[in-house]
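Since the structure comes first, as structure tokens, the remarks are kept for the end.
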Amino acid sequence: MKIYGDLKSGNCLKVKWVCDALASPYQWVAVDTMKGDTRTPEFLALNPAGQVPVVVLDDGRPLAQSNAIIRYLARDSDLLPRDPYLAARMDEWLFWEQYSHEPYIAVCRYQMLYLGKPAAARDPAKVERGHAALALMDRHLADSRFLVGPDCSLADVALLAYSRVAPEGGFALDGYPAVRRWIADAERALGVAPLA
Ligand SMILES: N[C@@H](CCC(=O)N[C@@H](CS)C(=O)NCC(=O)O)C(=O)O
């Protein structure tokens, strides 16, 4: 399998982390989104949305959207709860991540890390929604080791991606002790090296 991705992108790291945790072999194809690599005809044939991550399965079929990819790759693993209700609770977090977390925290991080803008240039509405997302997670994680009960699941993979690097988007994690505790636990469970 090939993974087309950018190692600075949380969405792409989700896919790498799942493959590494499951010891699934892959070839990493580095894509530079800032240099137009996602706008070539070859890339658009894989994903018309022009975004990474994309995987190309061994039989040649492509698949995009980070959370769809990790759900497919982890389908027979303990990262996906076998109980249908718990799997649906996991899906709640996956959808929430894409609509209520990533658009604020990842986008602010993009502006600072990729575009070199100062924290003060961030859209205040995005900052407010990003903090609301972290606060919601902190309340939930105060009573729960992982996002869906006692075991690490894809919900933790998806939310770890941009929560651990939230400070790079100007979101200090000092006020979110349960999130900080959970980041360490999720990194350990997934075999992800903590940030220096
Ligand atoms: N919802 C998508 C978002 C993917 C996405 O935003 N990818 C960014 C990198 S993190 C990208 O490829 N940006 C380049 C572009 O949009 O041209 C997912 O979860 O995979």
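The values are calculated or read from the model by the stated rules, or taken from the named source; none is laboratory data. Predicted model only: the values in this text are computed from it and were never measured. Note that we place each Cβ from the backbone using ideal geometry, even for glycine, and neighbour counts take in every protein chain shown.
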Can you tell me which residue within segment 82-118, out of those that are of a type in the set (Gly, Ala, Ser) and within 22 Å of residue 177 (Cα to Cα), is farthest from the chain's Cα centre (by Cα)? 100
Scan segment 129-151 for residues that are of a type in the set (A, V, I, L, M) and farther than 14 Å from residue 94 by Cα and jot them down. 132, 134, 135, 136, 141, 142
What do you reckon, is residue 66 outside the structural domain of residue 152 (by TED's automatic domain parsing), more than 9 Å from the ligand (Cβ to nearest atom), at pLDDT 95 or above and among the hydroxyl-bearing types (Ser, Thr, Tyr)? no
Checking residue 174 against (1) out of contact with any Cys (no Cβ under 9 Å at 6 or more places or on another chain); (2) acidic (Asp, Glu); (3) assigned to a helix (DSSP H, G or I), which single condition isn't satisfied? (3)
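Matching residues to (1) in the same structural domain as residue 125 (by TED's automatic domain parsing); (2) in contact (Cβ under 8 Å) with a residue 60 or more places away in the chain:
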{"position": "153", "(1), (2)": "yes, yes"}
{"position": "165", "(1), (2)": "yes, yes"}
{"position": "169", "(1), (2)": "yes, yes"}
{"position": "175", "(1), (2)": "yes, no"}
{"position": "178", "(1), (2)": "yes, no"}
{"position": "182", "(1), (2)": "yes, no"}
{"position": "196", "(1), (2)": "no, no"}
Those residues that are out of contact with any helix residue (DSSP H, G or I) (no Cβ under 9 Å at 6 or more places or on another chain), of a type in the set (Val, Ile, Thr) and closer than 19 Å to residue 15 by Cα, I need them from segment 27-55; list them, please. 29
Residue pairs, Cβ under 6 Å, 6 or more apart or interchain, first in segment 39-60 and closer than 8 Å to residue 4 by Cβ and within 15 Å of the ligand (Cβ to nearest atom), second assigned to a helix (DSSP H, G or I) and hydrophobic (A, V, I, L, M, F, W, C). List them. 52/12; 53/12; 53/15; 54/46; 55/69
Of the residues in segment 11-36, those that are under 14 Å from residue 54 (Cβ atoms) and within 9 Å of the ligand (Cβ to nearest atom) number 6
Out of curiosity, is residue 186 in a helix (DSSP H, G or I), crowded, with 17+ Cβ neighbours inside 10 Å, free of Cβ contacts under 8 Å to residues at least 60 places away in the same chain and in contact with a Leu (Cβ under 8 Å, 6 or more places away or on another chain)? yes
Which condition from (1) surrounded by fewer than 17 Cβ atoms within 10 Å (Cβ to Cβ); (2) of a type in the set (S, T, N, Q); (3) more than 26 Å from residue 152 (Cβ to Cβ) is the one that residue 100 breaks? (3)
